[in-house]
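Novice: After the structure tokens below, expect a handful of questions from me.
The values are calculated or read from the model by the stated rules, or taken from the named source; none is laboratory data. All of these numbers come straight from a predicted model, not from anything done at the bench. Cβ placement follows ideal geometry from the backbone for every residue including glycine, while neighbour counts extend to all protein chains displayed. The protein model used for the area step is the full one, side chains on, heavy atoms only, and it has no ligands, DNA or RNA in it. Shrake-Rupley method; radii C 1.70, N 1.55, O 1.52, S 1.80 Å.
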Amino acid sequence: MDHRIGRPGFAVIPVLDLRGGRVVRARRGERSSYAPIETPLAKGSAPDAVARGLVDAWPAGILYVADLDAIIDRAAPDLRALEAIARACPGIALWVDAGFAEPAGVAAFLAAGLGRPVIGSESQADAGLVTRLGDRAVFSLDTRGAERLGPAALHDDPSLWPPEVIAMTLAQVGAGAGPDLAALGALRVRAPDRRLYAAGGVRGPDDLRALRAAGIAGALVASALHDGTLSRATAPDLA
């Protein structure tokens, strides 16, 4: 299977946020205060254990990994953690946001063969990297509340976007507020030929069904899986 393009149908994509070599629990995009995760899906917060627990809890074809040390501190991608996740979850594609901002960094990551880069608008100085990579990368259109993060051109011009786009609403991450269906619908109208993935606010199966009905291609999910509100048992129609 070519993991450049997500699974057909609606994709539920479990999320791991890495900080200091551990998986942390995301709350409202306040990344500096994220603490190591405590989850019934794994013993401890080691990336491989949590990744395996997520895949056991949900039949995912893709895992999304946010390397917060790379995004916040401009550190090099945590290849050791990514290698551990890949070993723990063979056959699962990784989408990795490691604050990529330069072609050389993306090239080095692609050479490592540890996943597909996610290019976040918040990390960009201009639209060059997004347009250069095309469908080799996933684009993350980042917002925090009403604030649009990154260059205005990347928010204003959908023709710059690759085929797969994550609508990352950081203020709703881990907040249990539900996805912003109105904003997602507006993005769908502006870019009907893109596969749009929702990130932030998913509380459980009903939110996922609403997103699917709205024509969204998939959703990034963490809290609902760790809390047990989303599982094979609670949403057999989505698994």
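Novice: List every residue whose amide H lies under 5 Å from the amide H of VAL96, counting only residues 5 or more places away in sequence or on a different chain, with H placed 1.01 Å from N in the peptide plane.
Specialist: Sorted by chain and number, the residues that satisfy this are VAL65, ARG116, VAL118.
Novice: Could I ask something else about it? Output wanted: per-residue J couplings in Hz (rounded whole) for the range 55-62, from phi through Karplus 6.51 cos²θ - 1.76 cosθ + 1.60, θ = phi - 60°, x for Gly and Pro.
Specialist: With coefficients 6.51, -1.76 and 1.60, one gets 5, 5, 7, 9, x, 7, x, 9 Hz.
Novice: Ignoring any ligand, DNA or RNA, what whole percent of the accessible area of the range 1-151 comes from carbon and sulfur when the probe is 1.4 angstrom?
Specialist: 50
Novice: At R0 = 30 Å, how high is the FRET efficiency between ALA76 and ASP56 if r is their beta carbon distance? Nearest 0.05 is fine.
Specialist: With a Förster radius of 30 Å, E is 0.50.
Novice: Under a point spin-label approximation (7 Å from Cα along Cα-to-Cβ), what is the ALA111-ARG132 distance to one decimal in nm?
Specialist: That separation, rounded to one decimal, is 1.4 nm.
Novice: Tell me, what is the per residue accessible area of the chain in Å², probe radius 1.4 Å?
Specialist: Using a 1.4 Å probe on heavy atoms only, each residue of the chain averages 42 Å².
Novice: Order ILE72, ILE166, most accessible first, counting only protein heavy atoms with a 1.4 angstrom probe.
Specialist: The most accessible residue leads, giving ILE72, ILE166.
Novice: For the range 127-211, give me the percentage of DSSP beta bridges that are antiparallel, rounded to the nearest 5 percent.
Specialist: Restricted to the range 127-211, the bridges split so that about 15 percent are antiparallel.
Novice: Under 8 Å for C-alpha pairs, at least 6 residues apart: give me the relative contact order for the chain, rounded to a whole percent.
Specialist: Relative CO of the chain lands at 19 percent.
Novice: Relative contact order for the range 87-191: what is it in percent, counting Cα pairs under 8 Å that are at least 6 residues apart?
Specialist: 21
Novice: Something else now. Per residue of the range 119-131, in order, report the coupling 6.51 cos²θ - 1.76 cosθ + 1.60 (Karplus, θ = phi - 60°) as ³J(HN,Hα) in whole Hz, putting x for Gly and Pro.
Specialist: Result, ordered by residue: 9, x, 4, 4, 8, 9, 8, 7, 8, x, 5, 4, 6 Hz.
Novice: In terms of solvent-accessible area of protein heavy atoms at a 1.4 angstrom probe, what is the ranking of SER159, SER121, SER223, highest value first?
Specialist: SER159, SER223, SER121
Novice: Now for a separate question. Rounded to two decimals, what ratio of Rg to Rh does the chain give with C-alpha atoms and a Kirkwood Rh?
Specialist: 0.92
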